[in-house]
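Down below is the structure, laid out as structure tokens.
The values are calculated or read from the model by the stated rules, or taken from the named source; none is laboratory data. Just so we're clear, the structure is a prediction, and the values are computed from it rather than from any experiment. Heads up, the Cβs are rebuilt from the backbone with ideal geometry, glycines too, and the neighbour counts pull from every protein chain shown.
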Amino acid sequence: MAISKKICLVGDFSVGKTSLIRRFVDDQFSDEYLSTVGVKLSRKLVEVDATADNAARQVELLIWDIEGQTQFKAIAPSYLQGAKGAIIVADVKRDDTLVHLQNHVDLFVKINPKGTIIIALNKADLVTPTLLATLLDKYALQRHNPRVIDTYATSAKTGQAVNVIFKQLATAILADP
């Protein structure tokens, strides 16, 4: 029997939160931009690797895709409540979204002090490998917060690291009671 865990995708508007979820849940991608209004819920069963004392387990991720509008900040805390994990997303082509990463991390941790976070530097297919390496080095510093377990370069378009971030988050959530 699967255990259900709530996770949130958080980030500024148009960073690719919905596209990452769609790639993960349905293995699809669309270049068409549709702004999320409020929150959209998705779910997917994830097989988590066996530990020394357990067989492999299944986790049903209840994925909350939260609107990225700045004026939305007053409502977002109620949507974040009770989440066991978050994927904080930034667009590697937009510096403002990278600068806002720390604000999103701080807000999530304030509401869920025991939550687990992965940073996704999305749209990695749109920049050079050199710039991507520089950004990964710079934003891996977010790991100074003990709740941030890793930073990945992702691409909803190509699928780069999409399954990895969701599976790693599910595994970390199960390991941290």
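Summed over segment 120-164, residues that are at pLDDT 95 or above, assigned to a helix (DSSP H, G or I) and within 18 Å of Val109 (Cβ to Cβ) total 0. Residues that are closer than 15 Å to Tyr152 by Cα, out of contact with any Phe, Trp or Tyr (no Cβ under 9 Å at 6 or more places or on another chain) and of a type in the set (A, V, I, L, M) were ranked within segment 87-104; the one that is surrounded by the fewest Cβ atoms within 10 Å (Cβ to Cβ) is Val92.
Of the residues in segment 19-35, none is modelled with pLDDT of 80 or more, surrounded by 12 or more Cβ atoms within 10 Å (Cβ to Cβ) and assigned to a strand (DSSP E or B). Among residues of segment 36-63 being over 14 Å from Leu9 (Cα atoms) and part of a loop (DSSP other than H, G, I, E, B), the one that is modelled with the highest pLDDT is Asp49. Being closer than 25 Å to Leu136 by Cβ and either among the basic types (Lys, Arg) or at pLDDT 90 or above (or both) holds for only one residue in Ile66, Ile111, Ile88, and it is Ile88. Leu169 meets each of the listed conditions (1) at pLDDT 95 or above; (2) in a loop (DSSP other than H, G, I, E, B) apart from (2).
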